[in-house]
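Structure first, then comments.
The values are calculated or read from the model by the stated rules, or taken from the named source; none is laboratory data. Since this is a predicted model, take the numbers as computed values, not measurements. Neighbour counts run over all protein chains shown; Cβ positions are idealised from the backbone, glycine included. Note: areas computed on protein heavy atoms with side chains; ligands, DNA, RNA excluded. Shrake-Rupley method; radii C 1.70, N 1.55, O 1.52, S 1.80 Å.
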Amino acid sequence: MTKKLGIGIIGAGNISAAYLRLAPMFKGIEMRAVADLNMKAAQSRATEFGVRAETVEGLLASDDIDIVVNLTIPAAHFAVSKSILNAGKHVYSEKPFVLTLQEGAEIAALAAEKGLRVGSAPDTFMGSSHQHVRAMIDDGTLGKITSGTAFVMGHGMEHWHPNPDFFYQPGAGPVLDIGPYYVTNLVQLLGPVARVAALTSTPSSERLITSEPRNGETIPVGTPTTIHALLEFKSGAVISMVTSWDVWQHDHSNMELYGQEGTVHVPDPNFFGGDIRITKRADFVDLPSGWDHPFSVPNDGEHANYRAAGLSDMAIAISEGRPHRCSSELALHVVEVMTSILAAGEARSFVEMTTTCKRPAPIGPKEARALLS
Ligand SMILES: NC(=O)c1ccc[n+]([C@@H]2O[C@H](COP(=O)([O-])OP(=O)(O)OC[C@H]3O[C@@H](n4cnc5c(N)ncnc54)[C@H](O)[C@@H]3O)[C@@H](O)[C@H]2O)c1
């Protein structure tokens, strides 16, 4: 039987509900406690999901907690992850992992010194569709991928999130907030990035909240909200990635990769599932049969949502002594790509990457099934 590691959460906000709801599907993890600066928020989530509420200090001192999931806001990720490691616990952070390379290096050094694991979301690249694309790239179906496009554009977060302030401050914006899904998927499909360039703009200096309970309030914007980036991968592939929260409508597909034998339309990397379309040279063809991946099954309305798969993979990897897929090396390389895109936009020049990473191990139907209870 797979050993279960005790999981605690710091940050009882919006996304904590998804982790608490989905974790029981997975092997290797057991949700035990929730903490927050705001004790009321912790208590309310704890009651909702039948775990205990703790103060942050209480959670960090708890003997039954092995991994702490950091679901605080991006600006707090570094300090909270450090305090988790200093308490002798493994850390799994929501994205963005950290906000600077220096923070990432400090976390890596601390984890190495303490012999602890560090992992980070997103884990959507472990989804059925993205893994199917990975398999078709790795087995040569599409030929060598030479270029591609990624578009993630909309009109921001102030129409749905109850407290959208952080999305418009340094550490967020569309590149750091939604970019992790796209860049991580590109890195798992194509390998590490060599250099980036970008043009950025901030069309509005404030945004009007239309969600409840703060409908009518305006909030300041402190980071670019439209970013057009170029990414050159070490493989030689060149990708245009456009992210914006200033677009009402568009008809671009989420991600297209162009190989020497065909094209693949990749579904939104913000989700685990979605439709893939491929061509053999110029002609659309059926997908190769036999891909029966458990993370394709809709379990959240129409969506396949397997958030916590990366956490489960890390817990099992700790017990088995193997590398975990949502690694800090991958997350830090993605942070360098994203922060360099913003720096390139400011400097109006190319920025070379100083970090690299291995592609995470693929997770086919058999390996995915092994994570499920
Ligand atoms: N909301 C989503 O749909 C979503 C999806 C994927 C990822 N994420 C990521 O998850 C993280 C949290 O997002 P959210 O939407 O849940 O935010 P949120 O604002 O709803 O919740 C954050 C919670 O963290 C607490 N907090 C902040 N600083 C803290 C600290 N130092 N110590 C303890 N608690 C602290 C806050 O009190 C709050 O309850 C972000 O990094 C975000 O990018 C969110």
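Numerical summary
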{"quantity": "Within the accessible area of the chain (1.4 Å probe), percent carbon and sulfur", "calculated": "54"}
{"quantity": "Shape category assigned to segment 251-344 from the gyration tensor of Cα positions, a/c cut at 1.5", "calculated": "oblate"}
{"quantity": "Gain upon complete extension [Met39, Glu217; 0.36 nm per residue less C-alpha separation]", "calculated": "61.5 nm"}
{"quantity": "Spatially proximal aspartates and glutamates relative to Lys280 (Cα-Cα < 13 Å; intrachain offsets below 8 disregarded)", "calculated": "Glu261"}
{"quantity": "Relative packing of peptides 32-42, 329-339, 179-189 - highest average C-beta neighbours within 10 Å first", "calculated": "179-189, 329-339, 32-42"}
{"quantity": "Relative contact order of segment 5-120, pairs being alpha-carbon contacts under 8 Å that are 6 or more residues apart, as %", "calculated": "24"}
{"quantity": "Percent of beta bridges antiparallel (DSSP, the chain, rounded to nearest 5)", "calculated": "60"}
{"quantity": "Listed residue pairs exceeding 24 Å between alpha carbons, taken from Lys3/Lys366; Lys95/Lys358; Lys4/Lys89; Lys40/Lys114; Lys3/Lys114; Lys89/Lys366", "calculated": "Lys40/Lys114; Lys89/Lys366"}
{"quantity": "Mean separation of Cα contacts under 8 Å (6+ apart) over length of the chain, as relative contact order %", "calculated": "21"}
{"quantity": "Selection of GluC sites (Glu not before Pro), segment 213-304, meeting DSSP coil and at most 12 other Cβ within 10 Å", "calculated": "Glu302"}
{"quantity": "Helical contribution to [θ] at 222 nm, DSSP H n ≥ 4, -39,500 (n - 2.57), averaged over the chain, rounded to 500", "calculated": "-9000 deg cm²/dmol"}
{"quantity": "Set of aspartates and glutamates near Lys234 by C-alpha distance (under 12 Å), chain-local residues within fewer than 8 positions excluded", "calculated": "Glu352"}
{"quantity": "Cut-off under 5 Å, modelled amide H: who pairs with Val266 long-range", "calculated": "Met255, Glu256, Leu257"}
{"quantity": "Segment 73-159, relative contact order [Cα under 8 Å, separation at least 6], %", "calculated": "24"}
{"quantity": "Heavy atoms of Trp245 accessible to a 1.4 Å probe, total area in Å² rounded to 10", "calculated": "10"}
{"quantity": "Three-way shape label, segment 31-130, alpha-carbon gyration tensor, a/c 1.5", "calculated": "oblate"}
{"quantity": "Overall Cα dimensions of the chain - principal axes, largest extent first, Å", "calculated": "58, 52, 41"}
